[in-house]
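Participant: Supplied in structure tokens, the structure appears directly below.
Only the coordinates and a few stated rules stand behind these numbers; no lab work does. Source: prediction; values computed, not measured. Glycine also receives a Cβ, built like all others from the backbone with ideal geometry; neighbour counts cover every protein chain displayed.
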Amino acid sequence: MDLVKPAIGLIFWMTLSFGIVLFILGKFAWKPILKALKDREGSIQDALDTAKKTKLEMAALKADNEKLLNQARAERDLMLKEARDTKDAIIAEAKTKATAEANKLLKSAREAINTEKNAAISELKSQVAKLSVEVAEKILRHELANDDKQKQLMENLLKDVNLN
């Protein structure tokens with residue numbers, strides 16, 4: 001049991017040595033240790049503040065990026081809409097021009113057909129008139145071969161003519 005109970009001298013010297021170590025540590029070590037702990041705490045707090053600030057900046061940048069992305073999408077949609085409108089306008093204009101050109105060609109073809117038709121009718125009338133004159137001439141030569149028939153025809157014609 002002596003080993004469990006320390007002697008008074010041992011307690012005195014242990015207390016004295018603990019006090020000296022405590023004084024030396026307090027005088028030389030604790031101030032630098034506490035200063036290092038405070039510096040470390042300050043640097044950790046600064047790092048946390050910087051991280052928080054960076055997080056906020058990243059959130060702001062993300063919002064700005066999202067805003068820019070939305071603007072880019074809106075501009076792209078607008079450009080696509082304008083391109084579609086331009087395409088539709090060009091197609092409509094081409095259709096209009098094609099229709100006008102087709103109508104012009106149809107009108108030209110109709111005029112050409114009418115001109116050819118009128119020329120053919122005139123040619124036909126001319127040929128019919130020639131044939132009629134030739135037939136009439138042949139009939140008249142045959143009929144007017146003798147003098148009596150010529151005189152009788154002349155008298156009939158003179159009766160029909162009205163001199164004013």
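Participant: Within 14 Å, Cβ to Cβ, of ASP46, how many net charges do the neighbouring residues add up to if Lys/Arg are +1 and Asp/Glu are -1? Write down the numbers at each step before the final one.
Facilitator: Values: positive: LYS38, ARG40, LYS52, LYS53; negative: ASP39, GLU41, ASP49.
Taking every Cβ under 14 Å from that of ASP46, the sum is +1.
Participant: So which lysines can LYS62 reach, going by Cα to Cα under 25 Å and dropping same-chain residues fewer than 8 places off?
Facilitator: LYS52, LYS53
Participant: Turning to a different aspect of this structure: So which DSSP H runs in the chain come out at 15 Å plus along the axis (Cα) with average Kyte-Doolittle of at least 0.0?
Facilitator: Counting only whole DSSP H runs, the qualifying helices are 8-24.
Participant: Here is a further query. At 222 nm, what value in deg cm²/dmol follows for the chain if DSSP H runs of at least 4 each add -39500 (n - 2.57) and the sum is divided by all its residues, to the nearest 500?
Facilitator: -33000 deg cm²/dmol
Participant: Below 14 angstrom from the Cβ of ARG73, what's the summed charge of the other residues (Lys, Arg +1; Asp, Glu -1)?
Facilitator: Every neighbour counted, the sum reads 0.
Participant: Calculated FRET efficiency, GLN152 and LYS130, Cβ-Cβ r, R0 35 Å, to nearest 0.05?
Facilitator: The pair GLN152/LYS130 has a calculated efficiency of 0.80.
Participant: Summing Lys, Arg as +1 and Asp, Glu as -1, what charge do residues with Cβ under 14 Å from the Cβ of GLU111 carry, GLU111 excluded?
Facilitator: Cβ neighbours under 14 Å give a net charge of +3.
Participant: Okay, moving on. Could you tell me which label, among (1) 109; (2) 119; (3) 307, carries the value of volume of the Cα convex hull per residue in Å³ calculated for this structure?
Facilitator: (3)
Participant: Can you return the lysines within cross-link range of LYS130? Criterion is Cα-Cα under 19 Å, with same-chain partners fewer than 8 residues away left out.
Facilitator: Qualifying lysines at Cα under 19 Å: LYS138.
Participant: Given springs between every Cα pair under 10 Å in a Gaussian network model of the chain, which of SER126, SER43, SER17 has the largest fluctuation?
Facilitator: The residue with the greatest mean-square fluctuation here is SER17.
Participant: Measuring from centroid to centroid over Cα atoms, what is the spacing of the range 88-164 and the range 9-81 in Å?
Facilitator: Between the Cα centre of the range 88-164 and that of the range 9-81, the gap is 113 Å.
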